[in-house]
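Have a look at the structure below before the remarks.
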Amino acid sequence: MTDRIRPALRIYVFGVLGAFLATAPWTAVWDEGTFFLVSSSAAWVRSGWFRGAVSGLGILDLVVAAREAALLWRLLRQGGEGDGG
C-alpha cells in the first residue's frame, strides 16, 4: 500500500508546487506578495531574470512530478500491490 501512496504524494506535492512556481511570478500574486518583502535594496525579486529562475524551478518540479507519475503508472501496470497494508 505504501508503495503507491508515497509516489502519489510526491506527484501531488511536486505538481502543485511546480504549477504554482511556474505561474505565480508572472501574476499579480507575485507583485502583491512581494510588496512588503521588497525594499529599495531588494528590487531584484521583481526582476525578469529572478522570475524566470523561479519559473524554471517550477518547470523542474513538474518534470519530477511527471517522472513520478510514470513510475507509479509502471508499478500499477505490473500489478504491484505493495506490501498489502
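Working only within region 1-21, note down all residues that are part of a helix (DSSP H, G or I) and of a type in the set (A, V, I, L, M).
Across region 1-21, the qualifying residues are Ile5, Ala8, Leu9, Ile11, Val13, Val16, Leu17, Ala19, Leu21.
Can Val38 be described as aliphatic (A, V, I, L, M), in contact with a helix residue (DSSP H, G or I) (Cβ under 8 Å, 6 or more places away or on another chain) and modelled with pLDDT under 85?
yes
Since Glu32 meets every condition but one in (1) at pLDDT below 90; (2) within 19 Å of the chain's Cα centre (by Cα), which condition does it not meet?
Glu32 satisfies every listed condition except (2).
I need the full set of residues from region 41-83 which are at pLDDT below 75 and open to solvent by 70 Å² or more (accessible area, probe 1.4 Å), in order please.
Ser41, Glu81, Asp83, listed by residue number.
The values are calculated or read from the model by the stated rules, or taken from the named source; none is laboratory data. Bear in mind that the values here come from a model prediction, so they are computed numbers and not experimental data. Cβ sites come from the backbone with ideal geometry, for glycine too, and all protein chains shown count toward neighbours. Ligands, DNA and RNA are stripped out before the accessible areas are found, and what is left, the full protein with its side chains, is counted by its heavy atoms. Shrake-Rupley method; radii C 1.70, N 1.55, O 1.52, S 1.80 Å.
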